[in-house]
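The block underneath contains the structure these notes are about, expressed in structure tokens.
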Amino acid sequence: MRNYLIAGNWKMNKTPSEAAALAKEIVPLVKNADCRVMVAPSFVCIPAVLEVLKGSNVIVAAQNMAGAESGAFTGETSVLMLKDLGVKMVILGHSERRHVYGETNEQINEKVKLALAHALTPVLCIGELLEEREAGKAESVCFEQLEKGLSGVSEAEMDNVVIAYDPVWAIGTGKTATPEDADAIHAACRKKVAALYSEAAAEKVVIQYGGSMNPGNVKTLMAMDNIDGGLIGGAALKADSFADLVNFNK
């Protein structure tokens, strides 16, 4: 059985004091979780959230990082800074980074390899646009993002990689794929990992669903064979709804 991961991506929401307050609310609600729990505050909120979550079962992640350890990259945050803070995971290739800021598969791949080199777990996001899905290209788009995003990553390193299927058309829209449709893409991506590495690697890798998972659909989504958790936006911004997702099987 794969080690499920329910993760909250807070995006550009919450001031440091608000983020700390939300983290404090979350701790008692998820302390008996049967899955891994992760939150990803914005960069300036990370120190305050880390302090609140110290000693808890909640992992703190960053929402992005630079593709270099240091240098003349105004406005960027490096893996060394994140590691020094105590961050354990980092979201990479989120659709908003790809389609709003123009990050390429090659740039995302550099970040994935850099995170792994510094013992941070990358959450590699993949997913298609609505027009790509309607054109029957969902799998091919995800396969290309997987293959290029994981280029140069060894099978041993795959033990420390999480994949998030992040269909662009379902993010922040309230729309979601049917559980069966979502599971079909997850299953296809698992087969792609098997082709790139091995059946063993494919069976172990955690593949989250990032398309508007919420308390109303979490049980049906998590009942699917190939869905191993969620990368959650809006529903993660309130402690009670996030706790409902984390405790989906209770």
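The values are calculated or read from the model by the stated rules, or taken from the named source; none is laboratory data. What you are looking at is a predicted structure, and each value in this text was computed from that prediction instead of being measured. As a convention, Cβ positions derive from the backbone with ideal geometry for all residues, glycine included, and neighbour counts pool all protein chains shown. To get the accessible areas, we keep the full protein, side chains included, count just its heavy atoms, and leave off ligands, DNA and RNA. Shrake-Rupley method; radii C 1.70, N 1.55, O 1.52, S 1.80 Å.
Quick look at the numbers
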{"item": "Cut-off 20 Å, label 7 Å out along Cα→Cβ of Thr178, residues of the range 201-220 by amide N", "result": "209-214, 216-220"}
{"item": "Centroid-to-centroid separation of the range 27-84 and the range 133-188 [C-alpha atoms, Å]", "result": "23 Å"}
{"item": "For Ile59, residues with placed amide H under 5 Å, excluding near neighbours", "result": "Val37, Met38, Val39"}
{"item": "Selected from Ser78, Ser154, Ser140 as most flexible by GNM, with the chain as the system and alpha-carbon contacts under 10 Å", "result": "Ser154"}
{"item": "For the range 149-250: accessible area per residue (Å², 1.4 Å)", "result": "39 Å²"}
{"item": "Loop-resident sites, the range 112-181, for trypsin sites (Lys or Arg not before Pro), counting at most 12 other Cβ within 10 Å (DSSP)", "result": "Lys175"}
{"item": "In sequence order, calculated HN-Hα J values of the range 128-145 (Karplus, 6.51, -1.76, 1.60; Hz; x Gly/Pro)", "result": "9, 6, 4, 5, 5, 5, 5, 8, x, 9, 4, 5, 5, 5, 5, 4, 5, 5"}
{"item": "Chymotrypsin sites (Phe, Trp or Tyr not before Pro) lying in DSSP loop within the range 40-113, provided at most 15 other Cβ fall within 10 Å", "result": "Phe73, Tyr101"}
{"item": "Count of Lys pairs (Cα-Cα under 16 Å; at least 8 positions apart or interchain) in the range 50-205", "result": "13"}
{"item": "Carbon + sulfur, % of accessible area of the range 104-162 - ligands and nucleic acids excluded, 1.4 Å", "result": "47 percent"}
{"item": "Rough spin-label spacing in nm, given labels placed 7 Å along Cα→Cβ, for Ser17 and Arg2", "result": "4.1 nm"}
{"item": "Separation in nanometres of the label points that stand 7 Å from Cα toward Cβ, at Lys250 and Glu147", "result": "4.3 nm"}
{"item": "Sites Lys83 and Ala200, calculated FRET efficiency, Cβ-Cβ separation with R0 25 Å, nearest 0.05", "result": "0.30"}
{"item": "Long-range HN-HN contacts of Ile91 with modeled amide H, under 5 Å", "result": "Ala62, Gln63, Asn64, Val123"}
{"item": "Heavy-atom accessible surface of the range 204-250: percent carbon and sulfur, 1.4 Å", "result": "52 percent"}
{"item": "Value of [θ]222 nm, deg cm²/dmol, for the chain, DSSP H segments ≥ 4, -39500 (n - 2.57) each, nearest 500", "result": "-11500 deg cm²/dmol"}
{"item": "Relative contact order for the range 74-217, counting Cα pairs under 8 Å that sit 6 or more residues apart, in percent", "result": "23 percent"}
